[in-house]
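Down below is the structure, laid out as structure tokens.
Derivation of every value follows stated rules applied to the coordinates shown; laboratory data play no part. Computed from a prediction, not measured in an experiment: that's the story for all the values here. Here the Cβ positions follow ideal geometry from the backbone for every residue, glycine too, while neighbour counts run over all protein chains shown.
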Amino acid sequence: MSFPFYFIQFIHFFIEFFLFSFSFPFFLDKPIDIEGVDLNTLRIKELKKVLSDFGGECVGCSEKSDYVKEIEKLKNLKKDL
């Protein structure tokens, strides 16, 4: 193998590992105000974050509606306290 081939492999590894291993935009993780947002418009990744911020987890959730129902339950429990 020649030098340029190894260089191309290194560049490919760098791009794959260092650039795409972070979830972009990783520096824009802002807390989500669940009172002022429609939960059905959020992505599943954001719903998981909201759920973990509430201290809950959704075991066996496979659809967006499952996450929304679980967040609504936790939201109602927090209001009752």
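Could you calculate the contour length gain from K49 to S65, that is, 0.36 nm times the residue separation minus the distance between their Cα atoms, to one decimal place in nm?
4.3 nm
Can you compute 3J(HN,Hα) from phi for each residue in the stretch 55-66, using the Karplus curve 6.51 cos²θ - 1.76 cosθ + 1.60 with θ = phi - 60°, rounded to whole Hz and x for Gly and Pro?
Couplings: x, x, 9, 10, 7, x, 6, 10, 10, 4, 4, 5 Hz.
For a footprinting-style exposure proxy, rank I71, I11 by other Cβ within 10 Å, fewest first.
On the way: I71 21, I11 10.
Going from least to most buried by this count: I11, I71.
Under the rule of at least 5 residues apart or a separate chain, name every residue whose amide H is placed under 5 Å from the amide H of C58.
Long-range HN contacts for C58: none found.
As a footprinting exposure proxy, order V59, V68 by other Cβ within 10 Å, with the fewest listed first. If you can, show how the numbers build up before the last one.
Working: V59 5, V68 20.
Ascending number of Cβ neighbours within 10 Å: V59, V68.
Report ³J(HN,Hα) in whole Hz for each residue of the stretch 68-75, in order, from the Karplus equation J = 6.51 cos²θ - 1.76 cosθ + 1.60 where θ = phi - 60°; Gly and Pro get x.
Using θ = phi - 60°, the values come out as 4, 4, 5, 5, 4, 4, 5, 5 Hz.
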